Every structure is written in C-alpha cells, then in structure tokens.
Amino acid sequence: MSDSANATARIPSGRLSLAASSERIALGPLDGRYSGAVAPLVDYLSEAALNRDRVGVEVEWFIHLTSNNVLPGTEPLTAEQQAGLRAIVTEFDAAAVQELADIEKVTVHDVKAVEYFIGNRLAALGLERLKPLVHFGCTSEDINNLSYAVGVKGAVEDVWLPAARSLVAKIAAMAEENRAVPMLSRTHGQPATPTTLGKELAVTAHRLTRQLDRIAKTEFLGKINGATGTYAAHYASVPAADWQDVAKGFVEALGLTWNPLTTQIESHDWQAELYADMARFNRILHNLCTDVWSYISIGYFAQIPVPGATGSSTMPHKVNPIRFENAEANLEISNALLDTLGATLVTSRWQRDLTDSSSQRNIGVAFGHSLLAINNVLGGLGRLDTAEAVLADDLDHNWEVLAEAIQMVMRAEAIAGVEGMEDPYERLKDLTRGQRVDAARMQEFVSGLGLSDGAQERLLALTPGKYIGIAESLVDHLNK
C-alpha cells in the first residue's frame, strides 16, 4: 500500500475522546455488547456486589458477636437494631456504591472503607458505643474470603446452574425427539457403524449432567480466624471465648462450610475444584458445538432462518451457524480464565500474597463468558430442524458399514460349527476396504457365504438404517 493510501486511512488526531464521554463506555464485551445476556451475574460477581457482600458479612459478624454475648459489655441487639443493620445491605444502591468509593479514595483500602461505611450508620441505630465491634478481630481476608464465597455460591446456584440445566434439558429433549432417527457414524471422519441422532445427543446430555451434579455438590468454604489463621488477636482480647466455635457457627450461618485450618487466606482449593468442573462442562459443551457445526455443514441439521437476519454481507443465501461459533469462542475465553484461576488461587507465598486479590476480580468474567456461551447454544439448538431425508440418504450410500455385522455373524457361525467361515475379516476387507458397496452387491455377497438359514435371513434383512443395535433404548438412561 502506498504512503498516500496509508495517510488517507489514518484517523485524524483531533478526534473526540470516547473515554471522556459523559456516558460510560464499556471496555469489554460483557459490559457492552453482551451486557443483557450476563446481567444476572452483576448481582453476585461485580465489584459492587462484592462490596455489598462485604457489608453483609461485616453486619452479620456484628450481629453474631452480640447475639452470642461473645464480648463482655455487649448484649443482644433489639429486633429493630438488627433490622436496621441488615437494611444497610438490602438498601445498598448506586448511592452506597459511590459513597464507598469516596471513602476508599481516603483510606486507599477497600475493606477499611466498608468498616467506615458501616460505622457511619451506627449512631442512627443507637449503636455508636459499639463502633469498635465492626470488623472486630478480622483481617481483610476474613471478610473477603467469605464475601467471595457468598457471591460465587449465589452466582452458581441462582444463575449459572439454572442456565446450564436449561441447556441440558434442551439437549435431552432433542435426544428424545430423535431417539429413533438413524444416523451414519463417522469415526475418524470415516463412515462407521450407524447410531441414532438421539443416542449421540444423549451421550452429550449425560456427560454434561455428570458435571452439573458435581458442581451442585460444591463445598463453598470460609474462615474468620485472623491475620495468620491463629485467632491470636481474638484470644489476646477476649481469652474466655471459644473462638473456634464462634467462627464455625458464623461461617455455617452464612451457608458456607467452615475451614478450620488456614493461613491468612482461605486456601481457595474449593474454588479451584469448582472452576475445574465448570471448565470441564465448558469443554464438553465446546465439543457439542463443533459436532453440531459439522452436522450442519453436511446437511444433517437445517437451520431455521431468523426473519430479517443477514447471514453474509455478500451471499444472501447463507444461514451461518453463528450461535455455535460464538459459543466456541466464549467457552475458550471462559476456560482460559477458569484454568488460570484454578492454578493461581491454590498457591500463596508463605502466609499471604496478593496474587489472589487481582485474580478473583475476574471470576465474574469467567462466569460471564460461560453463561453467554450457554445462552448462544440454547438459542442455536432452538433453531435446528433434523433433516431426516439427508441422514437416510447418507446411510443408503454406505452399505459397506454392514461389513462389521457380517464379519461378527461369520465368527459366531464358525464357533457354532458352520463350515466355510474362515478368515471373515479378510474376506470383508477385500470386499469393502476403500470401496463403495451397494445393497445388491452386499446381499449377493451374504447369499454366497453359506451361512445357516437363520443367520442369512437376519443379514439379508439388515440395512444401514436398521444396524443401530439398541441405540434407541439407550436414550432411556437419561431418565434414570
């Protein structure tokens, strides 16, 4: 390209700054183009949600300490005071987000800002005297680990799992609808023993369900044991309390599993386990996307056009499988993050380093790309029609796949004492390897083998479309 062409293509240096726009412009696609698809995660895994959960943990710790008379000089709060404290969480809004941000500009510490945010509201509840009880005995990570656990648990149980289960239910329904539709298998991309479309979809539904069952059993661990996990400050200040019992009761009251042995941080092993299971789900789903994409390309599935949609800017006939391609990309991005999180979060130098702090801020991004992919696959599957005539025609052009059946029948005949059944594999190999065999040629071959009457009758009645074993009934395993 000439210099003059390059000069023409340049954007003038005097362009307006998008970053300076009064309207906030998203840097990433999850907060921009795809924000609607991932919006439910904002209530669990955004920075604002993390801060709300931090406020919630601090408030519940305050109430837990007073309700159990852990510290001398405290007593249970009134119902009105408890409700007032919890209202700080339930009424947490955009103004609260901004107030916290303003406090953090001074503290230059996010959790300390939360402590001051709550402390500023105690006087109105008649609790000014108990201001020192906010964040009592806690290191920042006591609050953070519990807040992340609460947020991730909510995102998994309320958003990601329901979406994933809806997708698997759709795949299972398609398996049921297509349970008896014969389909040519293609092992190594070559014609192979037929199956049914429903059975193949059932395999994927079964695999995905196993991963969802594992994810549903996730233990979300938490701790609240001080700066290095020793309860040192707790016992130095209030030696008479059973701090392990206090901590265990509090963590479990949040709906989490208490981790009794930690350094300054909760070890994050549960997160690594969860993200590995989610990544495995993503990979199985990615496999479905590539398979469905390939079946569309050979005509096994027909795509139902979206009214008004454009498949190609130049080729008006095209209906591209964009839902599945979009899902592939998002699953790969999600897994890149999930794998990194799983590898990073389980390590921490000595008692603490901050690598987990920056890493965990990307949990929502990892979940978001997975959720976006799930929505895309669900939408893509909803616009597919099974082209049964194409599947049947493909089978009818591949009679050589019956070579396996004939060979096995010959072996069984030889074992039963029928003569002339020697070298069945070699004989079928000579007939079929690298060659197309039609119905007439295959039946002629079978008729000349000298099989017993029953065996010959079975093979002559067999067609590629009927050579599916018990594939149809195997779909029933999805309901067990």
From the list T195, T228, which residue is open to solvent by less than 40 Å² (accessible area, probe 1.4 Å), outside any helix (DSSP H, G or I), touching a residue at least 40 places away in the same chain (Cβ under 8 Å) and not hydrophobic (A, V, I, L, M, F, W, C)?
-> T195
Contact list, first residue from region 391-416 and closer than 14 Å to R427 by Cβ, second anywhere and part of a helix (DSSP H, G or I) and β-branched (V, I, T), beta-carbon distance below 8 Å, six or more apart or interchain, is E400/T432; A403/T432; I406/V446
All but one of (1) over 33 Å from the mean Cα position of the chain (by Cα); (2) buried (at least 21 other Cβ atoms within 10 Å of the Cβ); (3) more than 25 Å from V70 (Cα to Cα) hold for F117, so report the exception by its number.
-> (3)
Name the residues in region 20-61 that are touching a Ser or Thr at 6+ places or on another chain (Cβ under 8 Å) and farther than 24 Å from T90 by Cα, would you?
-> A26
Helices (runs of 4 or more DSSP H) contained in region 30-145 and holding at least 3 residues hydrophobic (A, V, I, L, M, F, W, C) and in contact with an Asp or Glu (Cβ under 7 Å, 6 or more places away or on another chain) = 110-119
Counting only residues that are of a type in the set (G, A, S) and more than 18 Å from I265 (Cα to Cα), region 356-374 contains a total of 5
Out of curiosity, is T314 open to solvent by 20 Å² or more (accessible area, probe 1.4 Å), at pLDDT 95 or above and either more than 22 Å from Y34 (Cβ to Cβ) or part of a helix (DSSP H, G or I) (or both)?
-> no
Within region 22-40, is there a residue that is at negative phi, more than 33 Å from the chain's Cα centre (by Cα) and at pLDDT below 95?
-> yes
Considering every residue within region 420-438, establish whether at least one is touching a residue at least 40 places away in the same chain (Cβ under 8 Å) and not basic (K, R).
-> no
Of all residues in region 252-302 being in contact with a Lys or Arg (Cβ under 7 Å, 6 or more places away or on another chain) and part of a helix (DSSP H, G or I), which is surrounded by the fewest Cβ atoms within 10 Å (Cβ to Cβ)?
-> I284
Cβ-Cβ below 6 Å, separation at least six or inter-chain, first residue in region 336-365 and of a type in the set (S, T, N, Q) and part of a helix (DSSP H, G or I), second modelled with pLDDT under 95 and open to solvent by 40 Å² or more (accessible area, probe 1.4 Å): which pairs?
-> T344/T355
Filter region 146-189 down to residues that are of a type in the set (S, T, Y) and in a helix (DSSP H, G or I) and give me whichever is surrounded by the fewest Cβ atoms within 10 Å (Cβ to Cβ).
-> S166
Just one of (1) at pLDDT below 95; (2) buried (at least 18 other Cβ atoms within 10 Å of the Cβ) trips up G342, so point out which.
-> (1)
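The values are calculated or read from the model by the stated rules, or taken from the named source; none is laboratory data. Model, not experiment: these values are computed from the prediction. Quick reminder, even Gly has a Cβ in these numbers, built from the backbone with ideal geometry, and neighbours come from all protein chains shown. The area values use the complete protein model at the heavy-atom level, side chains included, leaving out ligands, DNA and RNA. Shrake-Rupley method; radii C 1.70, N 1.55, O 1.52, S 1.80 Å.
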